[in-house]
Structures are given as structure tokens and as C-alpha cells.
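Participant: So that we are looking at the same thing, I have put the structure below in C-alpha cells.
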Amino acid sequence: MFPVNCYVLWDETREAVIIDPGCYTEKEREMLKTFISSGELTVKHLLNTHLHLDHIFGDAWASEEYGLPIEAHQADEFWIESAPGQSRMFGFRWNGPIPKIGHYLYDTDVISFGNTQLSVIHVPGHSPGSLVYYCAESHCLFTGDVLFQGSIGRADLTGGNFEELKEGICSRLFRLSNDTVVYPGHGAPTSIGIEKAENPFFRN
């Protein structure tokens, strides 16, 4: 199985968003549901950074559970259609219905919940529709599989482009302040400053 970081963001209003509900098992779905209910959170948006298999396992369930459309970039829509076949390639069965994007997101869009805003940044290369969500007030961003601690996303899958990914990171993300915290789709958090200084993909 593919461990994925699912994020729940909320503020003092208790309004919240879910980012990448990669919940494959019933246990994982119940954990997410319990977390949200125990915090008395009201989920306002169901967001995806991109639509590769491991990031969308819980999309259809979360969409039905919270009565929300799945929000993602249109350029990644073809990945949803191939999800069952992709699952079989990795030796496991697709659980439940195939999710559908209910609302397309594009570069410069703004996601609002409570008193919080997330800016949508389109950084293709890992997938054609990869999105990063940036909260300027909290100095943090959620990068999916675009940027990791000490690495970047793979670019050898359909629609990937290594040079486009690197250029997008440099021109869109590395212009943010060095203290901006990076929450990736896999692995531990890092910061823009650390990745600019230490990420081997960007050393001259």
C-alpha cells in the first residue's frame, strides 16, 4: 500500500478542509471521520493536490460523507478514469465507486473557509494538474507530490515532465519566504529555505 499524508485544516471558526483523503481501508476512513467529529469541525472543501491513485482512494467516500464536490485540476481528470486498472497493476482491488471531480480548480483560485484563505498554485510536472495550496497568513503550503524533504516528485508517469516540474518549483515555490513550512504528500515536513539550500535537485 502507499502511505499518503492526508491533511485536515481548520481555524477558530471550526470550518475545515480535507486535502488528499487517501483512505483505502474502512479503518482509515473511520479514523478521519472520528477526528473531524471529535473536533466538531464542519468540512467546507474536499481538495486534491493531484489525482494519482494513492491520493484519491477516499475521495468518493468523503464526498458522500460530507456532501461536498471533489475539487481538483481538470488536467488530471484522466487519472481518475484509469484508477481501477492502476489498482490491478499494483495487485489490489479498487474499493467503492469511481470519484468524479465536481469543481475544477485553476491557478490563482482562492479557497475560503472560516477566516482562512488558501491560494491555488498550479505546478505541473509530476502530473499535468498538480496543485499546491498556500496559506500566506500561516506561512505554509501543501505540496502534494511536487516537493518533498530532500526530493521532488517523479516525472516518469503519464503527463509528467521533469524540467517543467523543476522550473515550476523554482519560479513559483522558491520565491516564497524561507520560513514557509512545506507539508508534502508523503514523508515529513520541511521548509522552503531548507529545500533551496539542501535539496539535491537544485544544487548547482
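Participant: Would you confirm whether or not region 141-156 contains a residue that is in contact with a His (Cβ under 8 Å, 6 or more places away or on another chain), not aliphatic (A, V, I, L, M) and not in a loop (DSSP other than H, G, I, E, B)? Break it down stepwise before answering.
Facilitator: Taking region 141-156 and keeping what is in contact with a His (Cβ under 8 Å, 6 or more places away or on another chain), we get 144-146, 148, 152-155.
Checking the rest, the ones that are also not aliphatic (A, V, I, L, M) come to 144-145, 148, 153-154.
Then keep just the ones that are not in a loop (DSSP other than H, G, I, E, B); that gives 144, 148.
Yes, because at least one residue in region 141-156 is in contact with a His (Cβ under 8 Å, 6 or more places away or on another chain), not aliphatic (A, V, I, L, M) and not in a loop (DSSP other than H, G, I, E, B).
Participant: Now, a different point. Return the pair list, or none, for Cβ contacts closer than 9 Å from residues in region 130-143 that are touching a residue at least 60 places away in the same chain (Cβ under 8 Å) to residues that are of a type in the set (Ser, Thr, Tyr) and part of a loop (DSSP other than H, G, I, E, B), at least 6 apart or on different chains.
Facilitator: SER130/THR49; LEU131/THR49; LEU131/TYR106; VAL132/THR49; TYR133/THR49; PHE142/THR49; THR143/THR49; THR143/SER130
Participant: Now a separate question. Just wondering, is there one or more residues in region 24-35 that are assigned to a loop (DSSP other than H, G, I, E, B) and modelled with pLDDT under 95?
Facilitator: Looking for residues that are assigned to a loop (DSSP other than H, G, I, E, B) and modelled with pLDDT under 95, one finds at least one in region 24-35, hence yes.
Participant: A further question on this structure: Test of understanding: among LEU46, LEU41, LEU9, which residue is over 19 Å from ASP145 (Cβ atoms) and either of a type in the set (A, V, I, L, M) or buried (at least 24 other Cβ atoms within 10 Å of the Cβ) (or both)?
Facilitator: LEU41
The values are calculated or read from the model by the stated rules, or taken from the named source; none is laboratory data. Nothing here was measured: the structure is a model prediction, and the numbers come from that model. Because the Cβ atoms are built from the backbone with ideal geometry, glycine has one as well, and the counts that use them run over all protein chains shown.
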